[in-house]
Amino acid sequence: MAVASLGFFLPFVANRVKAVVSAVNERSLDLQLFADVEESVLDLYSAVRNGYQQRRRRSIEEADAARQVEWHPPSGAVAAR
């Protein structure tokens with residue numbers, strides 16, 4: 001019984017380990033980029049916070065624009081239905 005359950009969970013564990021290793025590898029490849037950012041800003045925390053806020057604001061604006069198009073399609077699209 002234990003061997004069967006191990007075979008069931010093994011793919012999930014393998015995928016999680018692969019994702020973690022991939023994330024660590026990507027981060028290690030960008031060490032120079034992070035070092036350059038750290039050297040160019042006075043306050044690293046505020047720079048990261050500002051970047052996150054800009055990305056989040058852009059994501060919200062894009063989602064809102066897509067929602068507006070979905071709710072209010074152009075009149076030609078309505079006539080084509």
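Each value in this text was obtained by applying a stated rule to the coordinates, not by laboratory testing. On a predicted model such as this, the values are computed, not experimentally measured, just so you know. Here Cβ is always computed from backbone atoms with ideal geometry, including for glycine, and neighbour counts include all displayed protein chains.
A few notes on this one:
- Projected label points at Asp64 and Val24, each 7 Å from Cα along the beta carbon direction, are separated by 4.1 nanometres.
- The distance between label points at Glu39 and Arg57 comes to 2.9 nm (points 7 Å beyond Cα on the Cα→Cβ vector).
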